[in-house]
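Before any comments, here is the structure.
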Amino acid sequence: MPRAVRLTAVLLAAWALLLLQLDVPLDAFASGKRVLVTGAGGRTGKIVLEKLMRSGRYDVRALVHSEKSKQQLLNQIEFLHESKVFVGDIESKQSIAEAFKGAKAVIVATSAVPKLIPWSLIPFLLAKLFRRKGKLRFTWKGGKPEQVDWQGQKNQFDCAKENSAEQVVVVGTMTGTEKDSFLNSIGEGEGDQIVMWKRKAEMYLINLCQDKKMKYTIVHAGGLSDDAGGAAPLAVGVDDSLREVKPAKRIPRADVAEVCVQALDCKTAFDRSFDLGSVEGGQALAPEGLTALLDTLKGANCDYTINPPP
């Protein structure tokens with residue numbers, strides 16, 4: 001065997017051994033269809049990004065809102081190249097357009113993020129002490145729901161459509177059918193109506209997909225936890241029916257992320273809007289298990305005629 005061939009073989013073997021020691025799949029550098037994860041700097045979006053990267057099946061892109069978030073991602077996720085991470089403001093369509101070029105699927109994990117106003121703890125605790133009703137006050141870490149969850153998501157959906165994306169997966173939230181949802185009360189005055197704006201954006205996406213050229217998958221997650229994924233008993237429902245199942249359990253973000261990733265290759269998830277929660281009697285999500293989970297709905301989808309946004 002020529003010396004150059006032997007040297008090449010040794011180097012390839014050493015590289016494969018290194019990947020095994022790092023617990024990196026040997027196909028981690030494979031590239032398939034391009035998938036863009038928006039909100040990739042958030043807790044759920046980051047897990048989605050990690051799962052896509054580790055699968056080795058996709059050409060992965062990420063969209064974050066700041067250079068600081070970009071650098072954090074590059075420091076935390078192995079083999080993520082800086083050229084694959086875009087910085088943009090979802091409130092500006094022009095700012096994010098470049099990230100969507102060539103994307104065949106988009107996973108949208110952006111959301112307005114509430115921030116507790118510290119002084120509101122004092123009257124809240126005093127009210128509790130005297131057995132009265134108190135209310136914590138919140139503001140927002142960035143943009144308000146109307147800007148982030150309505151206009152920002154609308155911009156993303158339009159960019160996906162204009163770039164001929166085949167599927168948009170959205171991480172949403174439950175309580176959309178409830179007029180008195182606590183989540184809607186977060187913010188100034190009577191609340192900034194975050195769930196209402198999310199619901200309005202989802203309806204816009206569904207309408208955008210009516211020509212069947214782009215598919216949608218909308219996942220309304222229940223209360224989230226940072227527990228490890230793969231073990232919690234999961235169930236799907238529609239129209240907040242899972243909120244009637246007691247006792248309520250929190251669903252790991254990792255399981256929500258896994259559902260989003262599996263939805264990319266699950267035809268049963270195309271043009272579907274459903275709730276996802278953790279309940280007693282549910283089933284842990286197996287690899288490629290999303291089809292079986294959705295089959296329990298028997299084709300049902302969330303009904304947007306219930307509590308429609310103005």
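The values are calculated or read from the model by the stated rules, or taken from the named source; none is laboratory data. The model shown is predicted, which means the values in this text are computed figures rather than measured ones. Please note: Cβ atoms are built from the backbone with ideal geometry, for glycine as well, and neighbour counts cover all protein chains shown. SASA here: full protein model, heavy atoms, side chains in, ligands and nucleic acids out. Shrake-Rupley method; radii C 1.70, N 1.55, O 1.52, S 1.80 Å.
For (1) closer than 20 Å to ASP89 by Cβ; (2) open to solvent by 70 Å² or more (accessible area, probe 1.4 Å); (3) in a loop (DSSP other than H, G, I, E, B), each residue gets a yes or a no:
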site	(1), (2), (3)
GLY142	yes, no, yes
GLU146	yes, yes, no
GLN156	yes, no, no
CYS159	yes, no, no
GLU190	no, yes, yes
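Which pairs have Cβ atoms under 6 Å, sit 6 or more apart or on different chains, and link a residue in the stretch 40-62 that is within 13 Å of VAL171 (Cα to Cα) and open to solvent by 10 Å² or more (accessible area, probe 1.4 Å) to one that is in a loop (DSSP other than H, G, I, E, B) and not aromatic (Phe, Trp, Tyr)? Every condition considered, the pairs that remain are GLY42/ALA109; THR44/ALA109.
Scan VAL219, VAL256, VAL236 and give me the residue that is in a helix (DSSP H, G or I) and either of a type in the set (Gly, Ala, Ser) or within 20 Å of the chain's Cα centre (by Cα) (or both).
VAL256
In summary, GLU280 fulfils each of the numbered conditions (1) among the acidic types (Asp, Glu); (2) open to solvent by less than 10 Å² (accessible area, probe 1.4 Å); (3) without any contact (Cβ under 8 Å) to a residue 60 or more places away in the chain with the single exception of condition (2).
May I ask you to list the residues in the stretch 93-110 that are of a type in the set (A, V, I, L, M, F, W, C), assigned to a helix (DSSP H, G or I) and open to solvent by 10 Å² or more (accessible area, probe 1.4 Å)? It would help to see each step written out before you state the result.
From the stretch 93-110, those of a type in the set (A, V, I, L, M, F, W, C) are 96-97, 99-100, 103, 105-109; that's our starting set.
Add one more test, that the residue is assigned to a helix (DSSP H, G or I), and what stays is 96-97, 99-100.
Result: ALA97, single match.
I want to confirm something. Restricting to the stretch 111-140 and keeping residues that are part of a loop (DSSP other than H, G, I, E, B) and open to solvent by 70 Å² or more (accessible area, probe 1.4 Å), which single residue is nearest to TYR216 (Cα to Cα)? By that ranking, first place goes to ARG137.
Could you say whether any residue in the stretch 296-308 is part of a loop (DSSP other than H, G, I, E, B), over 21 Å from SER55 (Cβ atoms) and charged (D, E, K, R)? Within the stretch 296-308, one or more residues are part of a loop (DSSP other than H, G, I, E, B), over 21 Å from SER55 (Cβ atoms) and charged (D, E, K, R). One residue alone among ALA257, ALA263 is among the small types (Gly, Ala, Ser) and in contact with a Leu (Cβ under 7 Å, 6 or more places away or on another chain), and that residue is ALA263. Of all the criteria given as (1) outside any helix (DSSP H, G or I); (2) of a type in the set (A, V, I, L, M, F, W, C); (3) in contact with a Gly (Cβ under 6 Å, 6 or more places away or on another chain), the one not satisfied by VAL195 is (1). Right, LEU285: out of contact with any Phe, Trp or Tyr (no Cβ under 8 Å at 6 or more places or on another chain), part of a loop (DSSP other than H, G, I, E, B), open to solvent by less than 30 Å² (accessible area, probe 1.4 Å) and under 24 Å from THR38 (Cβ atoms) or not? In short, yes.
For every residue, the table says whether it meets (1) crowded, with 20+ Cβ neighbours inside 10 Å; (2) charged (D, E, K, R).
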| site | (1), (2) |
| --- | --- |
| ASP227 | no, yes |
| ALA248 | no, no |
| ASP265 | no, yes |
| LEU276 | yes, no |
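Just to be sure before I move on: is TYR204 touching a strand residue (DSSP E or B) at 6+ places or on another chain (Cβ under 8 Å), closer than 19 Å to THR305 by Cβ, in contact (Cβ under 8 Å) with a residue 24 or more places away in the chain and among the aromatic types (Phe, Trp, Tyr) in the structure I sent? It is false that TYR204 is touching a strand residue (DSSP E or B) at 6+ places or on another chain (Cβ under 8 Å), closer than 19 Å to THR305 by Cβ, in contact (Cβ under 8 Å) with a residue 24 or more places away in the chain and among the aromatic types (Phe, Trp, Tyr). All of (1) closer than 20 Å to THR305 by Cα; (2) charged (D, E, K, R); (3) surrounded by 17 or more Cβ atoms within 10 Å (Cβ to Cβ) hold for ASP180 with one exception: (3). Out of all the residues in the stretch 223-277, which are hydroxyl-bearing (Ser, Thr, Tyr) and without any contact (Cβ under 8 Å) to a residue 60 or more places away in the chain? Hits for the stretch 223-277 are SER225, SER241, THR268.
Only a single criterion out of (1) surrounded by 15 or more Cβ atoms within 10 Å (Cβ to Cβ); (2) more than 18 Å from the chain's Cα centre (by Cα); (3) without any contact (Cβ under 8 Å) to a residue 40 or more places away in the chain is not satisfied by CYS209, namely (3).
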